[in-house]
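The values are calculated or read from the model by the stated rules, or taken from the named source; none is laboratory data. Please read these numbers as outputs of a predicted model, since none were measured by experiment. Cβ: placed from backbone, ideal geometry, glycine included. Neighbour counts: every protein chain shown.
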Amino acid sequence: MTGAVEPRRRPRFRLEPYVEFARTAMAREATYRFDVFTTIGSFVVRVYLLRMVWTALYAHNAAPHELSRRAIITYSAVALLMGIVMDIDQTRALKDKLHDGSIATDFLKPIIVPFYFFADGTGEVLFHAVLLIPATLIALLIFHIIVPGPGVLAAFALSFLLGYLVGFFLNFILNCSAFWTLEISAVQLIVTWLTDLFGGELIPLILFPAFLQNFIYALPFAAMFSTPLLIYVGVIPPSRYFEVMGLQLVWIVGLAIVSTLMWRAGSRRIVVQGG
Amino acid sequence: MAIIEAADLRKVFRRIVRRPGIGGAVRALFSREYEDKIAVDGVNFTLAEGELVGYLGPNGAGKSTTIKILTGILVPTSGSVRVAGIVPYQRRQENAENIGVVFGQRSQLYWDLPLRESFELLRAIYDVPRNRYLENLAHFSAILDLERFLDTPVRQLSLGERMRGDFAAAMLHDPKIVYLDEPTIGLDVVAKEAIREFITRVNRERGTTVILTTHDLADVERLTPRVILIDEGRVIFDGALQRLRTEYGTHRTLVVTFAEAPTNIDVPGTEIESREGLVVRLRFDRRKLSAEAIIRRVMERYPISDVSIIEPDIDTIVRRIYVEGYQHGAVGAPS
């Protein structure tokens, strides 16, 4: 390349565009009103079914000693509540835009492109988070879930937030792979299965055999669901909060580093190869 | 003052060669072969502030690649480029604040939201002061007649309406330069005219520099006094449209309707372009022969019932250059 390299002066960072991206994403989600009913409806049905399963298992004395029948139903209901926001692939726009080439228009704007995807995804998730209000009311009034003390609730909220970030970066990494390969749905499906199984969304991980548990904790999925849920039902005592949330943080940092590297390599591919 | 400078711009893409069949796919897993495709091959041009330039060339000539380099989303293989004093690919974000882009085939508007929401978002992205934003919006609404569908979701707009929205969107932040990539593609006559009017006014009233790529030569005739022709990654012509016309529009066509079918047509100094029944089109070089002389020659040899002369249009000229290639001083000129 000829010509002297200029100093890279970064333009002044303004938060406003990203707040607007999030707001716009919420407005966009609001146009799909039907989603509201299906989300709430499927939540009720799934909690109901899981309650039947756990009740039947407990009636046959197959109960794990750490969790009472009510605690495990609470666990399942809260897991499904979390799923309302956690199961959203908030950065799938990246994959879609790489497929149809419209990612180029995002690079034409004076924005930090990955921040745009973060803001857009967060807006989408925040809109769905509103659904947590009626869903939580249903969980309280119909399924009588346990409500722990404010200290535990606060720890749960923080751990939930950390779990959300783990999920965000995991999704972002998967969507980034669309820079290199057009077909990523198979990989995504496998990751969804792994999350369902090893994340603790469906079955508390403490019910797994010991040898599997070591393996499970070497994967990031437990940091998404299991950690906040076990805090909520009290299996993880306050004395271990620092340790378990520290581990979540380690996952976030690690996945954020991988995300950054993948984004850099991927976007370089676009600016050099033209996508 | 030059606002865009491109010197010896080259872009070579490296593509994986895919061999056909399963055997080829398996082989590709182990050893990959690459081939280089030269998209832009030493392009030079300079644009002064406030110019309106047509950037033309056949498909695959390197037009879009050049535009992508100028917008900063593609790094050139070699050569230098400056847009408003900035090397675009080194400072993409800063460059982005200076430019507006319209792609005829790709909307930048938010599909699910009313047009107005997309504008609001762009205001936030480019940090346009509220007053200026409202002023621009009112101004563009008036020229492009946006008022009727400002609150309609973009997905429900017709192509013409959407394009008008895209134009306003690209101009809301008062960019110094706008790149228009086939902006009139697929539009009806009315919409085309509205867009052309908008481009003219933006260029004249705001001094915005405009680069327009198009396949519709009516756009060029209407809008751009200067054209840059590119073919196989090289600039083959850069100059006034008028010069292109005089250098290349050397051949006129005489349309002769014969009174009776002639057995063989032979008029010195002409060649037969086409023949349909009694109507024959004869091409001749206007620098060698006057129309009057040709008509006389035809009338001396054959009984005819009608003649007319067709002047070369820009379409014919450009097609001829694409097919024959450009040589300075025009093809067929006495050397």
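Note on the range B:41-136: enclosed helices (runs of 4 or more DSSP H) holding 2 or more residues that are touching a Gly at 6+ places or on another chain (Cβ under 6 Å) are B:92-98. Considering B:L115, B:L134, B:L122, the condition of being more than 7 Å from chain A (Cβ to nearest Cβ), aliphatic (A, V, I, L, M), surrounded by fewer than 20 Cβ atoms within 10 Å (Cβ to Cβ) and more than 25 Å from the chain's Cα centre (by Cα) is satisfied by B:L134 alone.
Annotation for the range A:179-200: at least one member residue is over 30 Å from B:I16 (Cα atoms) and not in a helix (DSSP H, G or I). Taken over the range B:199-249, residues that are of a type in the set (K, R) and surrounded by 18 or more Cβ atoms within 10 Å (Cβ to Cβ) amount to 1.
Results for (1) assigned to a helix (DSSP H, G or I); (2) within 18 Å of the chain's Cα centre (by Cα); (3) over 25 Å from B:Y133 (Cβ atoms), shown as yes or no for each residue.
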site	(1), (2), (3)
B:R164	yes, no, no
B:F167	yes, yes, no
B:D174	no, no, no
B:V178	no, yes, no
B:E197	yes, yes, no
B:R204	yes, no, no
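Looking across the range A:11-31, the residues that are within 7 Å of chain B (Cβ to nearest Cβ) and more than 20 Å from A:V130 (Cβ to Cβ) come down to A:P11, A:R14, A:E16, A:P17. Identify the residue in the range A:24-77 that is in contact (Cβ under 8 Å) with a residue 60 or more places away in the chain and assigned to a loop (DSSP other than H, G, I, E, B) and, among all such residues, is farthest from A:V235 (Cα to Cα). Among residues in the range A:24-77 that are in contact (Cβ under 8 Å) with a residue 60 or more places away in the chain and assigned to a loop (DSSP other than H, G, I, E, B), the one farthest from A:V235 (Cα to Cα) is A:P64. Only strands (runs of 3 or more DSSP E) whose full extent lies in the range B:232-286 are considered here, and the ones with at least 2 residues that are more than 16 Å from B:T316 (Cα to Cα) and not assigned by TED's automatic domain parsing to the domain that holds B:N44 are B:251-258, B:270-276, B:279-285. For beta carbons closer than 9 Å, sequence separation of 6+ or different chains, a first residue in the range B:84-99 that is without any contact (Cβ under 8 Å) to a residue 24 or more places away in the chain and assigned by TED's automatic domain parsing to the domain that holds B:T46 and a second that is of a type in the set (G, A, S) and not in a loop (DSSP other than H, G, I, E, B), the qualifying pairs are B:V87/B:S80; B:P88/B:A96.
No other residue among B:V102, B:V128 is more than 9 Å from chain A (Cβ to nearest Cβ), under 19 Å from A:L108 (Cβ atoms), surrounded by fewer than 22 Cβ atoms within 10 Å (Cβ to Cβ) and not polar (S, T, N, Q) apart from B:V128. Within the set B:G207, B:G165, the sole residue that is assigned by TED's automatic domain parsing to the domain that holds B:K68, among the small types (G, A, S) and touching a helix residue (DSSP H, G or I) at 6+ places or on another chain (Cβ under 8 Å) turns out to be B:G165.
Yes/no per residue for (1) farther than 30 Å from A:T105 by Cβ; (2) within 19 Å of the chain's Cα centre (by Cα); (3) at pLDDT below 95:
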residue	(1), (2), (3)
A:L212	yes, no, yes
A:A218	yes, yes, yes
A:G266	no, no, yes
A:V272	no, no, yes
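Just to be sure, is A:T105 touching a residue at least 40 places away in the same chain (Cβ under 8 Å) and either within 11 Å of chain B (Cβ to nearest Cβ) or closer than 25 Å to A:T192 by Cα (or both)? So A:T105 does not fit the description; no.
Within this structure, B:L47 fails the test of being within 13 Å of chain A (Cβ to nearest Cβ), surrounded by 19 or more Cβ atoms within 10 Å (Cβ to Cβ) and not small (G, A, S).
Quick grid of which residues meet (1) more than 30 Å from A:H99 (Cα to Cα); (2) among the hydrophobic types (A, V, I, L, M, F, W, C); (3) crowded, with 16+ Cβ neighbours inside 10 Å:
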site: A:S159; (1), (2), (3): yes, no, yes
site: A:F179; (1), (2), (3): no, yes, yes
site: A:L182; (1), (2), (3): no, yes, no
site: A:F211; (1), (2), (3): yes, yes, no
site: A:F215; (1), (2), (3): yes, yes, no
site: A:F221; (1), (2), (3): no, yes, yes
site: A:I231; (1), (2), (3): yes, yes, yes
site: A:Q248; (1), (2), (3): yes, no, yes
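Does any residue of the range B:12-31 turn out to be within 8 Å of chain A (Cβ to nearest Cβ), under 24 Å from B:I230 (Cα atoms) and more than 18 Å from the chain's Cα centre (by Cα)? Yes, the range B:12-31 contains a residue that is within 8 Å of chain A (Cβ to nearest Cβ), under 24 Å from B:I230 (Cα atoms) and more than 18 Å from the chain's Cα centre (by Cα). Name the residue that is farthest from B:K68 (Cα to Cα), counting only residues in the range B:3-35 that are surrounded by 14 or more Cβ atoms within 10 Å (Cβ to Cβ) and among the aliphatic types (A, V, I, L, M). Within the range B:3-35, the match that is farthest from B:K68 (Cα to Cα) is B:A28.
Answer yes or no as to whether B:F140 is more than 12 Å from every other protein chain (Cβ to nearest Cβ), surrounded by 17 or more Cβ atoms within 10 Å (Cβ to Cβ) and either in contact with a His (Cβ under 7 Å, 6 or more places away or on another chain) or at negative phi (or both). The answer is yes for B:F140. Would you please list the contacts, defined by Cβ atoms under 8 Å and residues six or more apart or on different chains, that run from a residue in the range B:236-256 that is under 13 Å from B:L56 (Cα atoms) to a residue that is of a type in the set (V, I, T) and assigned to a loop (DSSP other than H, G, I, E, B)? Pairs found: B:L241/B:T224.
Table: residues versus (1) under 30 Å from B:Q242 (Cα atoms); (2) basic (K, R); (3) at pLDDT 90 or above.
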residue: B:A48; (1), (2), (3): yes, no, yes
residue: B:G54; (1), (2), (3): yes, no, yes
residue: B:G60; (1), (2), (3): yes, no, no
residue: B:I67; (1), (2), (3): yes, no, yes
residue: B:P76; (1), (2), (3): no, no, yes
residue: B:S80; (1), (2), (3): yes, no, yes
residue: B:V83; (1), (2), (3): yes, no, yes
residue: B:P88; (1), (2), (3): no, no, yes
residue: B:A96; (1), (2), (3): no, no, yes
